[in-house]
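A short worksheet on the structure shown next.
No lab work stands behind these numbers, since they all come straight from the coordinates. Just so it is clear, the structure is predicted and the values come from calculations on it, not from any experiment. Here the Cβ is made from the backbone with ideal geometry for all residues, glycine too, and neighbour counts use every protein chain on show.
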Amino acid sequence: MSRCARDGERADGWRGRPGARSNRLDKAKRVVAPIRVGLKEPHTRLVRWLRGLLGRRLRRLLDNSRVVWTLALLASILWALYVLRPLAEGQRWLTPTLAIIGVLVVLVLVVYLLPPRLIPSNAQLEEADRLKAVGDVRSALVQALGGAALVGTLYFTAVSLQDSRTSTNRTLELTRQGQIADRFTRAVAQLGDAALDVRVGGIYALEQVARDATEDRTPILEILTSYLREHDRWQPSATTPSSQPETTSGPAEPELRADFQAVVTVLGRRVQDPSSPDFMHLRGVDLRGGDLYDAHLDRADLRDAHLEKANLGYAHLKLADLRDAHLDRANLGYAHLEGVFLTSAHLEAARLKGADLSGAHLDGGADLRGAHLEGAILLGAHLEGADLTGVVGMTEAQRSSTVGTPAKQ
């Protein structure tokens with residue numbers, strides 16, 4: 001049979017069954033009708049559906065699982081114990097009492113109340129089988145409780161060890177602070193002793209305290225600088241170089257006393273904090289003939305200080321204030337003098353070989369007569385009004401790198 005004939009028969013058959021088309025339309029309407037109603041009242045239908053679903057689930061849960069009430073009771077008891085815990089902090093007897101009550105409640109729930117409720121009420125079991133099932137459940141709960149107790153024991157043991165370690169560290173820290181305080185007090189008391197060796201011992205004891213306790217470094221620094229200002233201040237009535245007998249190397253200078261030398265040694269080699277530089281007040285001190293080799297005295301206030309014939313080789317005096325200071329015949333070889341203030345300073349016959357005087361202020365009548373400047377760095381140094389009479393080793397290149405015109409050359 002040809003394809004056209006088959007199509008013609010299908011068409012005749014369709015036309016021959018007029019009710020088939022109407023039946024299909026009715027089915028489509030029945031499917032679409034709820035959708036239309038749902039579109040018209042979406043919230044009402046959704047709320048009804050959710051109410052029915054939750055109601056069925058909740059009723060099923062409450063009917064078939066009495067364990068929910070047991071767990072709720074357990075949670076309530078634990079919450080009550082947690083609420084009462086702050087009350088136990090001031091009463092030693094209350095903490096173990098609450099702990100014992102909590103343990104007893106958990107045991108009663110696990111051993112007596114909870115196992116029967118874990119067996120479904122609608123289970124068709126013989127009495128012997130039910131008892132066996134309850135026993136199995138009880139054994140499993142006891143094992144789980146034992147495991148939880150083990151984990152809790154390990155946890156509380158770790159917490160106790162941590163608390164014990166913290167308490168021990170705190171005790172050690174308090175003991176250390178007490179020892180440092182005692183050492184500090186004894187060292188300060190030694191500074192007022194009449195014996196020189198006792199005072200020197202006190203100075204070095206303070207240095208050790210400053211190394212052990214960073215918080216005491218600033219007070220110790222102030223104590224030592226105050227010791228110098230009070231006991232080693234330049235006295236105008238003191239013997240001056242001009243009144244002392246002349247020698248082949250010039251007038252003799254007194255040596256620095258041992259306790260004063262100990263102070264400048266400790267100050268010069270102190271541990272410094274770059275984020276918080278120290279500022280030492282040493283104005284007007286008498287450090288003639290002192291050994292300050294490689295001393296760190298950056299930003300120190302040394303105005304009017306007497307440092308004749310002092311050894312300041314490789315010393316760090318960056319941005320230090322040395323205005324009107326006396327540095328006659330002092331050794332400043334290879335010293336770091338960047339930006340130092342030497343206005344009106346006395347530098348007669350001072351040895352400045354290789355010293356870095358970049359940006360130094362030598363103006364205002366600084367006296368450099370006979371000073372040695374071999375290899376010194378004078379880049380940007382201010383020489384306005386300085387006296388450079390008889391300066392040794394100053395080249396034309398050094399002179400051209402300075403700022404200002406000296407008063408005398």
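Could you go through region 225-236 in sequence order and give the Karplus-derived ³J(HN,Hα) for each residue, using 6.51 cos²θ - 1.76 cosθ + 1.60 with θ = phi - 60°, rounded to whole Hz, and x for Gly and Pro?
For region 225-236, the Karplus-derived couplings read 5, 5, 4, 5, 5, 7, 10, 10, 7, 5, 9, x Hz, x marking Gly and Pro.
Using Cα-only point scatterers and the Debye equation, what is log10 of I(q)/I(0) for region 355-409 at each q in 0.14, 0.18, 0.19, 0.20 Å⁻¹, rounded to two decimals?
The computed values of log10 I(q)/I(0) come out as -0.27, -0.47, -0.52, -0.59.
Based on the mean of other Cβ atoms within 10 Å per residue, sort peptides 214-226, 371-383, 171-183, 325-337 so the most packed one is first.
For the peptides 214-226, 371-383, 171-183, 325-337, the packing ranking is 325-337, 371-383, 214-226, 171-183.
Could you give the length gained on full extension between GLU127 and ALA397, defined as 0.36 nm per residue of separation minus the Cα-Cα distance, in nm?
Extending this stretch completely gives an extra 85.6 nm.
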